[in-house]
Every structure is written in C-alpha cells, then in structure tokens.
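Undergrad: Sending over a structure as structure tokens; questions will come in a sec.
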C-alpha cells in the first residue's frame with residue numbers, strides 16, 4: 001500500500017512539474033514572439049534607433065530567461081537564438097535591411113520550433 005501511495009504522489013508531482021514547465025515555456029515563447037513581431041515592424045519601417053533599443057531589450061530578455069529555459073529544453077536551441085540576436089544587433093546597427101529581416105525570420109522559426117517540440121502529443125512522447 002505504501003508503494004502505491006508513493007507512486008501516486010510521484011506521478012502527481014511529475015504531472016504538476018510538466019504543467020509548470022509547459023506554462024513557463026509558453027509564456028516565454030509568447031513574449032519572444034511579441035518582441036520579435038514588434039522588432040520586425042520597426043525594421044520594415046526602417047526605424048533603426050528604436051529597432052536597436054528593441055534588439056537590446058530582446059537580448060536582455062533572453063539572457064534573463066535562458067538559464068530557466070535550458071532546464072526544460074535543449075540549450076543549443078537557446079544558444080542558436082541568442083547567437084542570431086547578437087548578429088541582429090550588428091545588422092540593425094549597420095542598418096542592413098535584408099540581413100535584419102533574415103535574422104528576424106530565423107528567430108521566429110526557432111521560437112515556433114521550440115513551441116512545436118514542447119507540445120504534448122504522441123510524436124513528442126516516443
């Protein structure tokens with residue numbers, strides 16, 4: 001009987017921690033997507049000063065959350081996004097329109113990929 005109770009408690013803890021991690025990742029990726037959308041709009045309008053400030057804000061946000069995110073997902077995905085944001089800072093600083101948009105779209109793809117990989121479905125379980 002004790003083993004069954006311990007197993008049930010462990011299962012409940014597992015479900016709660018999984019729920020917490022998915023909710024946290026969802027919140028962070030939604031914030032990344034909104035910052036990225038704003039940044040894309042600023043670059044399309046060629047507002048380079050505000051774009052640079054927003055890129056720095058995005059970089060700070062990633063720095064703040066990367067440690068917690070790496071607990072739940074592969075750290076190479078975070079490193080890839082962070083590396084692309086570092087490139088983006090230089091593209092925006094030098095006012096390179098096409099490279100900036102390419103970086104924005106790579107970041108969008110990477111964030112959506114994180115969301116897709118973290119959804120609970122049969123494909124991700126096995």
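The values are calculated or read from the model by the stated rules, or taken from the named source; none is laboratory data. Given the structure is predicted, the values throughout are model-derived calculations rather than measurements. Quick reminder, even Gly has a Cβ in these numbers, built from the backbone with ideal geometry, and neighbours come from all protein chains shown.
Undergrad: Here is a check on your reading of the model: is residue 83 free of Cβ contacts under 8 Å to residues at least 40 places away in the same chain and out of contact with any helix residue (DSSP H, G or I) (no Cβ under 8 Å at 6 or more places or on another chain)?
TA: yes
Undergrad: Does residue 88 count as more than 30 Å from residue 17 (Cα to Cα) and surrounded by 15 or more Cβ atoms within 10 Å (Cβ to Cβ)?
TA: Numbers: more than 30 Å from residue 17 (Cα to Cα): yes; surrounded by 15 or more Cβ atoms within 10 Å (Cβ to Cβ): yes.
Against the criterion (more than 30 Å from residue 17 (Cα to Cα) and surrounded by 15 or more Cβ atoms within 10 Å (Cβ to Cβ)), residue 88 qualifies.
Undergrad: A further question on this structure: Within region 1-45, take every residue that is surrounded by 12 or more Cβ atoms within 10 Å (Cβ to Cβ) and farther than 30 Å from residue 99 by Cα and give me the one that is modelled with the lowest pLDDT.
TA: For region 1-45, the residue satisfying everything is 18.
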